[in-house]
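The values are calculated or read from the model by the stated rules, or taken from the named source; none is laboratory data. This structure is a prediction, so every number in the text was calculated from the model and none was measured. Reconstructed Cβ throughout: ideal geometry from the backbone, glycine too, with neighbour counts over all protein chains shown. Ligands, DNA and RNA are excluded from the accessible area calculation, which covers all protein heavy atoms including side chains. Shrake-Rupley method; radii C 1.70, N 1.55, O 1.52, S 1.80 Å.
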Amino acid sequence: MSRLRLTVRARLTLLYIGLFGVCGVLVVAVSYAQVARLPAQVQGRGGGTPSASDLTRFAERCQSAEVSAHPDARILAKCAAYFQQEGAQGQRELTLAHLLQYSLITLAVVIALAAVLGWVFAGRALRPVHRITTAARAASEHNLSARVAATGPRDELRELAETFDAMLGRLQAAFEGQQRFIANASHELRTPLAVMRATVDVVLDDPDASPGDLRAMGADVRVAVDHAEHLIGALLILARNERGLTVREKVDLATVAEDVLDGCGDCPGGLRVHASLESAFISGDPVLAGRLIANLLDNALRYNVPDGEVWVSTGEVGGRCELTVANTGPVVDPDDTGRMFQPFERLSDRMSRDGCGLGLAIVASIAAIHGGTATARPRDDGGLAVTVTIPTASSAPLDGNPIR
């Protein structure tokens with residue numbers, strides 16, 4: 001047998017009724033006690049309460065004095081006082097009876113009114129909760145536009161409703177970003193597959209294809225496979241970064257940058273790299289730190305001009321580690337720097353270059369899970385300067401979660 005479950009509105013109404021009932025009973029009891037404290041009784045000679053026989057004899061003396069031809073004035077005065085006190089006693093008992101009766105009736109009416117008003121005001125107070133419930137039921141993966149939009153006084157319930165609206169906004173932005181990311185990833189993965197299919201179909205449709213044609217086809221397919229592999233690797237890094245850091249070690253960005261520069265070898269196109277590396281210790285994953293610097297360096301080398309330059313610097317500024325990679329290159333519009341860190345975003349003058357549009361997105365993701373930020377600033381004479389700021393090892397969180 002299931003137990004009766006009361007709603008919050010019903011429980012609040014019962015609470016109001018109970019509070020009004022207890023307070024009303026206390027008021028009636030105190031009022032009745034205050035009125036009942038006034039005594040109205042006849043005292044005997046010894047100061048005690050007279051007995052019934054004494055009262056009878058006293059009443060007979062009063063009657064005799066009234067019918068007597070020569071009444072005793074003192075006895076008549078006592079009789080008048082006695083009967084006056086008796087009338088006061090009766091009036092007091094009648095007053096107490098009426099007071100108790102009317103107080104109980106008033107208390108019952110007030111409790112009933114409290115029940116009605118408690119039900120109404122409890123419903124009004126819980127209205128934001130009902131709106132939150134409606135919005136939560138209407139929300140789904142395909143529709144997160146429902147909002148509570150609470151009005152009224154800025155109390156705890158309105159704060160809860162606004163927090164719920166903010167949560168729905170973040171969820172909506174996350175789902176929309178995920179959908180865009182999936183669509184872009186599908187499009188990017190389809191490109192190398194289309195190249196491989198077209199290359200293979202051209203050779204298969206040519207009955208006179210020579211071994212040279214087959215080798216050229218194999219080379220084209222290899223390039224497309226490398227591009228797809230690089231893209232999938234970048235996607236896996238982004239997906240893994242969503243789970244936060246799994247490794248925390250004390251890492252010197254200067255040492256990692258030096259290793260990355262040593263592994264690059266000779267720069268193509270006569271590019272020159274200038275390094276100014278000072279110790280900058282962070283708490284994080286050394287592999288991801290290397291990938292971050294490698295992506296920044298690759299971006300600076302890839303989008304440069306012949307005989308251009310690249311500057312790499314590390315150091316600690318104000319309790320935070322800074323890594324800056326700047327390069328020469330074409331002039332960049334300042335309005336375009338914000339979307340550079342979005343997945344698959346490429347500037348118009350970079351569409352013809354190699355890459356999958358995930359380099360700076362991975363940089364921003366790695367910086368975020370280390371509790372830092374990545375910003376880009378166009379250089380006055382062309383090119384771009386990307387700065388990554390990460391808390392030092394002494395101030396970094398210990399739980400491996402990104403700082404939001």
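Count, please, the residues in the stretch 284-298 that happen to be among the acidic types (Asp, Glu) and not in a loop (DSSP other than H, G, I, E, B).
Restricting attention to the stretch 284-298, the residues satisfying the condition of being among the acidic types (Asp, Glu) are 285, 298.
Applying the additional criterion that residues be not in a loop (DSSP other than H, G, I, E, B) yields 298.
Residues flagged as among the acidic types (Asp, Glu) and not in a loop (DSSP other than H, G, I, E, B) within the stretch 284-298 amount to 1.
Scan the stretch 207-248 residue by residue and report those that are closer than 22 Å to VAL287 by Cα and among the β-branched types (Val, Ile, Thr).
Correct list: ILE232, ILE237, THR246, VAL247.
Based on what the data block shows, is VAL251 surrounded by 11 or more Cβ atoms within 10 Å (Cβ to Cβ), of a type in the set (Val, Ile, Thr), closer than 30 Å to SER283 by Cβ and at pLDDT 85 or above?
yes
In the stretch 299-344, how many residues are open to solvent by 70 Å² or more (accessible area, probe 1.4 Å) and part of a helix (DSSP H, G or I)?
The initial filter retains those residues of the stretch 299-344 that are open to solvent by 70 Å² or more (accessible area, probe 1.4 Å), namely 302, 306-307, 311, 316-318, 320, 331, 333-335, 339, 342.
Going one step further and asking which of them are part of a helix (DSSP H, G or I), we end up with 302, 334-335, 339.
Residues flagged as open to solvent by 70 Å² or more (accessible area, probe 1.4 Å) and part of a helix (DSSP H, G or I) within the stretch 299-344 amount to 4.
Applying the selection to the stretch 282-304, what residues are of a type in the set (A, V, I, L, M, F, W, C) and in contact with a helix residue (DSSP H, G or I) (Cβ under 8 Å, 6 or more places away or on another chain)? Reasoning before the result, please.
Residues of the stretch 282-304 that are of a type in the set (A, V, I, L, M, F, W, C), as a first pass: 282, 287-289, 292-294, 296-297, 300-301.
Passing the criteria: ILE282, LEU288, ALA289, LEU292, ILE293, ALA294, LEU296, LEU297, LEU301.
Just one of VAL109, VAL148 is within 30 Å of GLY24 (Cα to Cα), of a type in the set (Val, Ile, Thr) and either at pLDDT 80 or above or surrounded by 13 or more Cβ atoms within 10 Å (Cβ to Cβ) (or both); which is it?
Working: VAL148 fails: within 30 Å of GLY24 (Cα to Cα).
Answer to the check: VAL109.
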